[in-house]
1. If residue 464 satisfies every condition in (1) touching a helix residue (DSSP H, G or I) at 6+ places or on another chain (Cβ under 7 Å); (2) crowded, with 21+ Cβ neighbours inside 10 Å but one, which is the exception?
2. What tally of residues in segment 477-486 results from selecting those that are touching a helix residue (DSSP H, G or I) at 6+ places or on another chain (Cβ under 9 Å) and either buried (at least 22 other Cβ atoms within 10 Å of the Cβ) or closer than 17 Å to residue 539 by Cβ (or both)?
3. Could you go through segment 327-339 and let me know if any residue there is outside the structural domain of residue 355 (by TED's automatic domain parsing) and either surrounded by 24 or more Cβ atoms within 10 Å (Cβ to Cβ) or under 12 Å from the mean Cα position of the chain (by Cα) (or both).
4. Just the residues that are touching a strand residue (DSSP E or B) at 6+ places or on another chain (Cβ under 6 Å) and within 26 Å of residue 111 (Cβ to Cβ), please, taken from segment 217-239.
5. Given the options 362, 328, name the one that is within 30 Å of residue 588 (Cα to Cα) and in contact with a helix residue (DSSP H, G or I) (Cβ under 7 Å, 6 or more places away or on another chain).
6. Tell me, yes or no, whether segment 618-641 has at least one residue that is outside any loop (DSSP other than H, G, I, E, B), touching a helix residue (DSSP H, G or I) at 6+ places or on another chain (Cβ under 7 Å) and either assigned by TED's automatic domain parsing to the domain that holds residue 354 or at pLDDT 95 or above (or both).
7. When you scan segment 657-672, do you find a residue that is closer than 28 Å to residue 276 by Cα, in contact (Cβ under 8 Å) with a residue 24 or more places away in the chain and not assigned by TED's automatic domain parsing to the domain that holds residue 212, even just one?
């Protein structure tokens, strides 16, 4: 099937300080956002690194748009409106009666390609936004814009340069000083030299890139709407997550205002992490390359915070940060040293969840050595110092599970006693130290530190519980908040921290399921990205999960297939692909389970989903049968499988190796091995 969003009415909510409702496309750095009527089409051009780095103004700092392109055609005033956001091809296609317009952001270069096929008089204008300047050199017109006040954390300068080619084609080169100091000269010269043949080549390379992107993994589902949203979740990240130094914030690069909510920044208490949840399992590891840059750039300040404010080693991050060390959490009124920690000590460990996912999905030793292990070690050092060892266990004091509004000033009084042993932190601490032990062993470093890490794991406080409506459930904290009827924080140690799964002790698994059902948060402003994958992890009725997803599509999805909940933005795009991936394939603690939470009487096929252990897995299910299981071993690790059949044969590189009737079996693999599992029952 074709994967696309179809808009048949002029989008509302554009421009906006949150998500636009118009069609969007991008190349991972530059984005185009379309809005307006057929006679007055406008395209915002934005870029991932075009930040007003104002650390003190939460209403006017943050990521901003660069320019607007107008396509004016008065005779199309009453033309019918149809716009397709074509995700397979990475383009926006507009059809206004007999007039068509196609916008693409070249996947291989920061050039916007615009084809206008109007059979009427029209005009294309490149327009400056506030404080921008317009200019012209020979055949090139351009708009430049800058944010460079002395008080800004760093200056940002950008340019969009336009040239008209033959056949009603237009090219726009986009560049900033974060690309190169000579951004202006390079952009103008690049578009000046571009000719019709090269334009055609850019189109060819663009289509080839998107074709290759979609070959990395795929799903085919009985429900085409759900399948379409699985592809949309990958599409949006491909549009905004390929600038390695500027990762997407709350709204990615789909920005149409200089006043994006919360700076459009990187909120570390789930919003920043959540868009990345499905990328490793969907085999788009390359889109996580940008993830660690902002965390590492902020390390000096995070280490200062830990040392000066808590007398700890390691790192202590506020809730919000920006790229290149930008602090978006400064607020003079806050009694937390003029910062917005909001009482939470777990932000760095929350940021580690995507790093941990990538490690277990790839076992990439270079990534571990350069990025994963150094960051996790900083997290570990913080908890080594911050946790207290009392009465034979490690405990976590004064760590809020929900945001506390300390920014209200010195007269603010906690609604509850200070949180003690908050549920998510206990899960994140386990995640950090388990991963540290694993990577330390794989890299053969810090052997002398493992005893301490193991001691913390063995003596860390258990997850707090209490009785609710006759069922034992997880309590938000051991002392402090007992329960809250919004958000999904009390299941986030299950997902995304991945500390409870089908191999967990039965009593713990039962408490997890009781907690999930007691929440009943199928629609929640901040829970969509974690609640649904958690449902799959806990084997909640798969048909119910699909039905509830479709309810959220009806209620919360915008015309362009983005989701508009009350909390944040881009993080909700991961919910459906992350959930579907968990339903089709689980690899918790390295055990592969095929269609663990899928109604196998309904058609589903997947290719190259990535499993823990660095395995790429393909399989299909229909009419109650599972077939076509293949596993490709990237790193030659031991493959552990939950047997999907009463009796199966295992083939390695087309040669039968074993027959298994056991519920669980293992297969030794070498790098590059192809394993097939066939039903013999």
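The values are calculated or read from the model by the stated rules, or taken from the named source; none is laboratory data. Values in this document were obtained by computation on a predicted structure and should not be read as measured data. All Cβ positions, even for glycine, are placed from backbone atoms using ideal geometry, and neighbour counts span all protein chains on display.
1. Failed condition: (2).
2. The qualifying residues number 1.
3. Yes - at least one qualifying residue is present in segment 327-339.
4. Hit for segment 217-239 is 239, nothing else.
5. 362
6. Among the residues of segment 618-641, at least one is outside any loop (DSSP other than H, G, I, E, B), touching a helix residue (DSSP H, G or I) at 6+ places or on another chain (Cβ under 7 Å) and either assigned by TED's automatic domain parsing to the domain that holds residue 354 or at pLDDT 95 or above (or both), which makes the answer yes.
7. There is at least one residue in segment 657-672 that is closer than 28 Å to residue 276 by Cα, in contact (Cβ under 8 Å) with a residue 24 or more places away in the chain and not assigned by TED's automatic domain parsing to the domain that holds residue 212.
Here is a yes/no grid of residues against (1) surrounded by fewer than 24 Cβ atoms within 10 Å (Cβ to Cβ); (2) touching a strand residue (DSSP E or B) at 6+ places or on another chain (Cβ under 7 Å); (3) assigned by TED's automatic domain parsing to the domain that holds residue 364; (4) modelled with pLDDT of 95 or more:
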| residue | (1), (2), (3), (4) |
| --- | --- |
| 244 | yes, no, no, yes |
| 253 | no, yes, no, yes |
| 260 | no, yes, no, no |
| 274 | no, no, yes, yes |
| 278 | no, no, yes, yes |
| 281 | no, yes, yes, yes |
| 286 | yes, no, yes, yes |
| 289 | yes, no, yes, yes |
| 293 | yes, no, yes, yes |
